[in-house]
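Enquirer: Can you keep this structure in mind? I'll have questions shortly.
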Amino acid sequence: MPRLYGSPATCLLYLRIVIIFMAFGLMPFHLKAETKEPGFHQLQERLIKDGFDKKYIQALYQRESVKLELRGISLYSSHQEATINYEQYLTRKMVRKARRYIEEYLAELTRAEKDFGVEKEIITAVMLVETRLGTYTGGRPILNTLSSMAVLAESDVRNYIWEEAVKGNRERKDFDSWADRKSQWAYQELKAFLTYALKYHIDPMELNGSYAGALGFPQFMPSNIIAYAKDGNGDGRIDLFNHADAIASIANYLKQFGWKPGIDRDAKFKVLMRYNYSSYYVNTILELNERLKG
Ligand SMILES: [Ca+2]
């Protein structure tokens, strides 16, 4: 029978080993606690220099809920389109849901079809894949997402985010080239987002979105809201959490990128790639379109 417990001397040795491991194991936590999370000070200065009201920006970034979105950056920086299961949008259950949506919003969809020349099945397919017809719009404050990506331009913040949220998931040089690109892009999107919020007197912290900062039922980036979104219900406001506005906005976006009645599959493919640059995505939309028409 194997001995489960050793002699007192062996026990003491085990205890020493455990203490040594605990000491080493605890050290990184101890160091982490002393690493101060970097803030958005430089970002605020940059926004003010670019014309945003000083008092507005300072009051906004002083709020406790405005903070670095580490988890979102970790997810986004390791995002791989090919790993998304697009089959989930082609099940019979999903097609049934899409059909019911077309019945429910027939008036809005028909109007968009007439105004922009984009068929209702395509608009519905886009909305289904983007947010399951407006039911999954993302729960991350867009202000935090875009601000966190914009400050990746600052080397100390970038190092902090690398250590805290990304290291281990990818190579540093890949992260650096991603961060160079995304920080510039996110800053432009942040400015568009604040411009949109100011225009409609919306509290920026009330708008949640995806880990990329996309917003509403059609998941538009803020710069696309300014350029392509439409007021579908005619209330004088753009609200992408409203079905009529979302439907008109998707249709107008596709129209602006070349959608016309009667275009062939190749042409449709090219336009849809402008909505989301992924052939998996586009093929799913086109397949859904066929099934909804069939
Ligand atoms: Ca509206």
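Any read-out appearing in this document is the output of simple, stated calculations on the displayed coordinates, not a laboratory observation. Because the structure is a prediction, the values reported are computed rather than measured. Cβ: placed from backbone, ideal geometry, glycine included. Neighbour counts: every protein chain shown.
Enquirer: Each label point is 7 Å from the Cα along the Cα-to-Cβ direction; what then is the distance between the points at TYR280 and ARG181, in nm?
Expert: 1.7 nm
Enquirer: Here's another thing I want to ask about it. Contour minus end-to-end for ALA267 and HIS79, with contour as 0.36 nm per residue of separation and end-to-end as the Cα-Cα distance?
Expert: 64.9 nm
Enquirer: Any idea what diffusion coefficient the chain gets from Stokes-Einstein, in µm²/s, Kirkwood Rh on alpha carbon pairs, 25 °C, 0.890 mPa s? Please report the intermediate quantities before stating the final value.
Expert: Numbers: Rh = 21.8 Å.
Roughly 112 µm²/s, to the nearest whole number.
Enquirer: Okay, next question. Distance in nm between label sites at GLU163 and ILE102, each 7 Å beyond Cα in the beta-carbon direction?
Expert: Taking the simple label geometry, GLU163 and ILE102 are separated by 5.5 nm.
Enquirer: Separate question: Calculate one ³J(HN,Hα) per residue across the stretch 276-286 by plugging θ = phi - 60° into the Karplus curve 6.51 cos²θ - 1.76 cosθ + 1.60, and present them in order as whole Hz with x for glycine and proline.
Expert: 8, 6, 8, 5, 4, 4, 5, 4, 5, 4, 5
Enquirer: As a footprinting exposure proxy, order ASP266, ASP245, ASP115 by other Cβ within 10 Å, with the fewest listed first. Please report the intermediate quantities before stating the final value.
Expert: Details: ASP266 7, ASP245 25, ASP115 14.
The order, fewest Cβ neighbours first, is ASP266, ASP115, ASP245.
Enquirer: Hey, another quick one. Note down the nm distance, to one decimal, between modelled labels 7 Å out along Cα→Cβ at ASP53 and at ARG170.
Expert: 3.8 nm
Enquirer: ³J(HN,Hα) across the stretch 52-58 via Karplus (A = 6.51, B = -1.76, C = 1.60, θ = phi - 60°), whole Hz, x for Gly/Pro?
Expert: 7, 4, 4, 4, 4, 5, 5
Enquirer: Full extension from GLN88 to ASP115: what is 0.36 nm times the residue separation minus their Cα-Cα distance, to one decimal in nm?
Expert: Details: separation 27, 0.36 × 27 = 9.72 nm, distance 3.10 nm.
My answer for the length gained is 6.6 nm.
Enquirer: By count of other Cβ within 10 Å, fewest leading, how are VAL66, VAL157 ordered? Mind dumping the intermediate values first?
Expert: Values: VAL66 17, VAL157 22.
Least crowded to most crowded, the residues run VAL66, VAL157.
Enquirer: Under the definition of Cα pairs under 8 Å and six or more residues apart, what whole-number percent is the relative contact order of the chain?
Expert: Working: 339 pairs, mean separation 65.1, N = 294.
Dividing the mean separation by the residue count of the chain yields 22 percent.
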